[in-house]
Amino acid sequence: MKKNVRLLFIFSVIFSMMLLAACSNNESKPEPEPSKKNSEEKETGESPSRMEINFWHAMSGAGQEALDRIVADFNSSQEKYTVNAEFQGTYEESLTKLRSVGGTKDAPAITQVFEVGTKFMIDSGYIEPMQSFIDKDNYDLSQLEENILNYYRVDGKLYSMPFNSSTPVMIYNKDAFKEAGLDPEKPPQTFNEVKAAAEKLTKPGEQYGFSMLTYGWFFEQLVATQGGLYVNKENGRADDATEAEFNGEEGLRVFNFLNDMNKAGTLGNYGTNWDDIRAAFQTGKVAMYMDSSAGVAAAVNNSPFEVGVAFIPYPDEVDRQGVAIGGASLWMSKGIAKEEQEAAWEFMKYLTTPEVQAKWHIGTGYFAINPAAYNEDIVKAEWEKYPQLKVTVDQLQQTKPSVATQGALISVFPESRQQIVTALENLYQGADPQEVLDQAAEGTNRAIEIANKTKK
């Protein structure tokens, strides 16, 4: 009963601004039928037909098209398994559906879950850790991107298989840089450099120098790149976190950075909608902004000017540490037939091959979780067309592994992100940076306390 209360609490939160536009949409399809079981042999004595498994996902648009092609290729590449890729709506809708069948034989063999659902999934009892199959199969994890694996690895155990992975980047208008007398090949790196560039790029009533979506993910990244922790207990990785730490000096630097530009009139506030801030950039209303690495190709294609991509900025008084992974990963269900788990494992191994990851990377803009994919001819050709994509990979691979860049683990992450959104909105209305940060931390602490109590 206590676990049910906790689950209801966690999913009572409105996830209004959690997702990248490419990751999901608000449409949902009918509930999937349970997986077809192939345990019975035909009366004729023939061998069993293909083992069918269901794969629940939240990809739409180009992501769904790329995924459907990969699934079709897997199904035709062998005669033992059939994967049924089934769209379940948003990440939140998919996870809500999983709650009704999680841990039972009717659960899908594979479920795609966004990164902030990691702690919930580990605690849920619904899943079989990927490490079980990695150890059994002596699967070589060293072939995969270490800085992506690190997010989904806890106490040395990999719980899920990374899939659609992205990080934030700073995208800028090279033409506007030239017009303002700035070197378009040397984008600003530190907070002070961004503020100085934003001042030169701003044209009152026409163009803002800088903008950042009012979204907790970007705040988390600007804290992590300083080596700062979001919550205590080693970012929730040594033990269950009990309180927020993001309102310390690292978080305050971020809020002061944004507050300074907001007061100077060089920061454009485009709210919480990804489409609005992207449209503002593409129409020349903002010269620099933060976006997902998965949005780079679209920014290049949809802008009538030359687009540059840079690492996210960091405070002048610290060394850059890098970025934490966003996106989602694939989780294997517990409680289903062993044959279904084996089929899911075979599909996941197929997904991680360089050839498949190369197709995924160019089809969606997400990172290849197997970096050997970047040596594939189709990727080399794509990078010639979009050299900006290499910048996103360089930032990821130059990230320094630590509990900060691993990312925080808390089961109430969605609610905490909403607390940050409220804090940013109040900041832009003139509130004190430390005061609104402390309020966000207090709200996060209350949510963590309730979640920890219900867990017990």
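The values are calculated or read from the model by the stated rules, or taken from the named source; none is laboratory data. The model shown is predicted, which means the values in this text are computed figures rather than measured ones. Quick reminder, even Gly has a Cβ in these numbers, built from the backbone with ideal geometry, and neighbours come from all protein chains shown. Accessible surface is based on the protein model in full, side chains and every heavy atom, while ligands, DNA and RNA are left aside. Shrake-Rupley method; radii C 1.70, N 1.55, O 1.52, S 1.80 Å.
Mind checking which residues of the range 146-166 are under 16 Å from SER402 (Cα atoms) and in contact with a Ser or Thr (Cβ under 8 Å, 6 or more places away or on another chain)?
ASN147, ILE148, ASN150, TYR151, TYR152 - these are the residues of the range 146-166 that are under 16 Å from SER402 (Cα atoms) and in contact with a Ser or Thr (Cβ under 8 Å, 6 or more places away or on another chain).
Among THR266, THR272, which is in contact (Cβ under 8 Å) with a residue 60 or more places away in the chain, closer than 28 Å to ILE420 by Cα, among the hydroxyl-bearing types (Ser, Thr, Tyr) and surrounded by fewer than 18 Cβ atoms within 10 Å (Cβ to Cβ)?
Residue meeting the stated conditions: THR272.
Go through the range 275-294 residue by residue and tally those that are surrounded by fewer than 24 Cβ atoms within 10 Å (Cβ to Cβ), assigned to a helix (DSSP H, G or I) and touching a residue at least 12 places away in the same chain (Cβ under 8 Å).
Looking only at that region, the number is 4.
Tell me which residues, restricted to the range 102-136, are aliphatic (A, V, I, L, M) and open to solvent by less than 30 Å² (accessible area, probe 1.4 Å).
Hits for the range 102-136 are ALA107, ALA109, ILE110, VAL113, VAL116, MET121, ILE127, MET130, ILE134.
Can you pull out every residue in the range 281-299 that is in contact with a helix residue (DSSP H, G or I) (Cβ under 6 Å, 6 or more places away or on another chain) and under 20 Å from LEU389 (Cβ atoms)?
GLN282, TYR289, MET290, SER293, VAL296
How many residues does the range 121-156 contain that are within 18 Å of PHE347 (Cβ to Cβ), β-branched (Val, Ile, Thr) and in a helix (DSSP H, G or I)?
1
Among the residues that make up the range 234-244, is at least one of them outside any loop (DSSP other than H, G, I, E, B), open to solvent by less than 50 Å² (accessible area, probe 1.4 Å) and among the hydrophobic types (A, V, I, L, M, F, W, C)?
Within the range 234-244, one or more residues are outside any loop (DSSP other than H, G, I, E, B), open to solvent by less than 50 Å² (accessible area, probe 1.4 Å) and among the hydrophobic types (A, V, I, L, M, F, W, C).
Residues ASN370, ASN375: which one is surrounded by 20 or more Cβ atoms within 10 Å (Cβ to Cβ) and at pLDDT 95 or above?
Step by step, each of ASN370, ASN375 is checked, and only ASN370 is surrounded by 20 or more Cβ atoms within 10 Å (Cβ to Cβ) and at pLDDT 95 or above.
Looking only at the range 52-82, filter to residues that are charged (D, E, K, R) and outside any helix (DSSP H, G or I); which one of those is most open to solvent (accessible area, probe 1.4 Å)?
Ranking the qualifying residues of the range 52-82, first place goes to GLU79.
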